[in-house]
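Structure, as C-alpha cells:
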Amino acid sequence: VIRLVAFGGMLLVVAALSLTLVDTWQDQEIRTTAPIAVAMTELRAYHAAQARYSTLVEVESGSKIAPLWLTGTSATLYAEGDVDAVVDFAAGDPDVRVTGDHEVTVHLPAVTLQTKIDALASKVVSRDRGFAQRFAILFGSESQPDDSPLWQAAAAQLDETARRSSLVAEAERSTTDT
C-alpha cells in the first residue's frame, strides 16, 4: 500500500512538471483584424459646466369675483433639475486667428444655458381646491389638473438662478484654459 501511494504521488509530480514544461515549450500567435468603427458621433456642443438646483413653486388661481376658498386652486411643486452651460459649436463658425509662430486663438460662440427638470425627482407636494372644485369632483365633472404652469415656472426659476450664479463664468473659464 505504501508503494502504491508513493507511486501515485510520483505520478502526480511528473504530471505537474510535464504540464509546466509543456506550457513553456508552447508558442502562441495572436491574430487580429483591422478595427472597424462601430459608432461615431459628431461633437456639436461642449458641456462646459453643470449645476443641480431645487426649488418650490406655488401657483394659485381663482375667480376675480369669488374668494379663493370657494373657487380657487393652489398647487405646490418641488422641482429638481440640472442646468448645463453649453458652448454650441453649430451656432456659428469659430473665429480662428494665428497669433504667433506656434499659437492659434479660437473664439468660440457664447455660453448658453440648458435647463432640464428631473421628472423622477420632482413632484407636486400639495394641491388645494376650493369648495366648488371639491363639489365638482363628487359628480365627476372636474378634469385632470393642468400642472404645466408649475413646471414652466420651475424651469424659469432654475434658469434664472443659474444665470445669477457663477455657472456661466465657470463655463467660460473652462473653455478659455490653454
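The values are calculated or read from the model by the stated rules, or taken from the named source; none is laboratory data. The shown structure was predicted, so the numbers you read here are calculated from the model rather than taken from an experiment. Ideal geometry is used to build each Cβ from the backbone, glycine not excepted, and the neighbour counts take in all protein chains shown. SASA here: full protein model, heavy atoms, side chains in, ligands and nucleic acids out. Shrake-Rupley method; radii C 1.70, N 1.55, O 1.52, S 1.80 Å.
Some notes on this structure:
- On the beta carbon distance between residue 119 and residue 10, with R0 = 41 Å, the FRET formula returns roughly 0.05.
- Local net charge near residue 75, Cβ-Cβ under 9 Å (Lys/Arg +1, Asp/Glu -1): -3
- Theoretical gain in end-to-end length, residue 176 to residue 103 [0.36 nm per residue, Cα-Cα removed]: 24.9 nm
- Region 164-175 - phi-based ³J(HN,Hα) in whole Hz, Karplus 6.51/-1.76/1.60, Gly and Pro as x: 7, 8, 8, 4, 5, 4, 5, 5, 5, 5, 5, 8
- Separation in nanometres of the label points that stand 7 Å from Cα toward Cβ, at residue 52 and residue 82: 0.9
- For residue 38, the solvent-accessible surface computed with a 1.4 Å probe is close to 140 Å², ligands and nucleic acids excluded.
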